[in-house]
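Shown next, in structure tokens, is the structure this report addresses.
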């Protein structure tokens, strides 16, 4: 499993580099720089020092017995990526890539964002390291994540609204790639998920794999055993592959990814790639994509901006194909229910993205063995989503 991707950037039939010739040299340069710093102890010390003393790693593993009781008969532990500086797992990758960009002597950073958490993390990394920062964000996502837009600008980033297409994450990536083609000599693109052309899916995965390494160590110390089940929401797939990667070799661990079921099963009403997707190429990589009968990229919907994307990381597509990870979906309404229930029972307000993993458990927890040990990646905190939930009129139960 660790041998993948192959040298061409493929996970089985998924992955690769489907980009203009202009970007091939930049991708090769980035991969060379990454492999060099991977062997550089000074780089590792600097990166790990920032994670420990700035980001706040290791993050806590919190048991959630009252929420677990709503789902079934098992012990539930939350991997608290919401406690990272900036409030989500995205900072792990943003810091790593920004440090590589500094070594590549890039003057300017660009990024895309949907829920805003990757944009905030990238803006934070650039402020810390003294780099120029431009963030592309769809206008729909800017409206539903207004707080994060303000945070990015507060951190010194330029936030560029994207008005084309569905005005969501897909279109923000399109614009970021166009910018990179134009400014490739001076600019590095910090892609935020395990998407895009090789080597991005590999590098983002490696930076996020700290989540699973920590979780395994913590759960062993707490329970003296491996977890029976690990669950995470899946948009592009960075938080989930981060949790799952070091668990893949432990065949006894059931791994579950939860996609956005949206408003229903019709194309355009959800973002569940394994429920209605087909093989195709989007944003430089070959993977499962939601598309219509003519092969056009379909519109998607999710209450959570971070899951509202028509494709999925190529490693996820491969792991689903070989049966190592099972993928399910969770509706908007069920995610909202979980959002409220975790807040009320445990005093933890989850991001709407993470609430999809929790929502799946509310309806399917009985499929988990009695007295089992479950780890859920709480990939972000819900502060950013509170205005959106309030605007919907979804009142607390008490």
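General remarks:
- Cα-only radius of gyration and Dmax that characterise the stretch 58-167, units Å: 16.9, 53
- Between the helical axis of 90-103 and the longest alpha-carbon principal axis of the chain there is an angle of about 20 degrees.
- Pairs of alpha carbons in the stretch 188-328 whose separation is greater than 20 Å (percent): 46 percent
- Counted by neighbouring Cβ atoms within 10 Å, the residues 136, 18, 189, 10 run from fewest to most as 18, 10, 136, 189.
- Radius of gyration and maximum dimension Dmax of the stretch 1-40, Cα, Å: 11.6, 32
- Here, the stretch 146-196 yields an orientationally averaged convex hull projection of 4.4 nm² when only Cα atoms define the hull.
- For the chain, built as a Gaussian network whose Cα springs stay under 10 Å, the top-fluctuating residue of 340, 188, 370: 370
- In the stretch 21-74, the ratio of gyration radius to Kirkwood radius, Rg to Rh, stands at 1.34 when only Cα atoms are counted.
- When only Cα pairs below 8 angstrom with a gap of at least 6 residues are kept, the stretch 49-92 shows a relative contact order of 39 percent.
- Build a GNM of the chain with springs between Cα atoms under 10 Å apart, and of 35, 80, 167 the one that fluctuates most is 35.
- With contacts taken as Cα pairs under 8 Å and at least 6 residues apart, the stretch 207-305 reaches a relative contact order of 21 percent.
- Here the simple spin-label model places points 7 Å from the Cα toward Cβ, and for residue 278 and residue 146 these points are separated by 4.1 nm.
- Approximating the spin labels as points 7 Å out from Cα along Cα→Cβ, the residue 13-to-residue 386 distance works out to 4.8 nm.
- Contact order normalised by residue count of the chain, Cα under 8 Å, 6+ apart, percent: 21 percent
- GNM top mover of 203, 297, 91 - the chain, alpha-carbon springs below 10 Å: 297
- Mean-position separation - Cα centroids, the stretch 234-290 and the stretch 292-333, in angstrom: 4 Å
- DSSP bridge pairs, the chain: antiparallel proportion in percent, nearest 5: 30 percent
- Computed FRET value (nearest 0.05) for residue 42 with residue 333, which takes r as the C-beta separation and R₀ as 45 Å: 0.35
- Cα convex hull volume per residue for the stretch 106-226 (Å³): 133 Å³
- Ellipticity estimate at 222 nm from DSSP helix runs (n ≥ 4, -39,500 (n - 2.57)) divided over the chain, nearest 500: -12500 deg cm²/dmol
- Put a dot 7 Å past the Cα of residue 163, heading toward its Cβ, do the same for residue 367, and the two dots end up 4.4 nm apart.
- Folded to 0 to 90 degrees: helix 352-364 orientation relative to the chain principal axis, Cα: 30 degrees
- Rounded tilt (10° steps) of 210-223 against the dominant C-alpha axis of the chain: 30 degrees
- Computed from the Cα positions only, the extents of the stretch 273-398 along the three principal axes stand at 48, 39, 21 Å, in decreasing order.
- Compactness index (Cα Rg / 2.2 N^0.38 Å), the stretch 1-99: 1.49
Taken together, the values in this text are just the output of simple stated rules run on the coordinates, not laboratory data. Here the structure is a predicted model, which is why all the values come from computation and not from measurement. We place every Cβ from the backbone using ideal geometry, glycine too, and count neighbours over all the protein chains shown.
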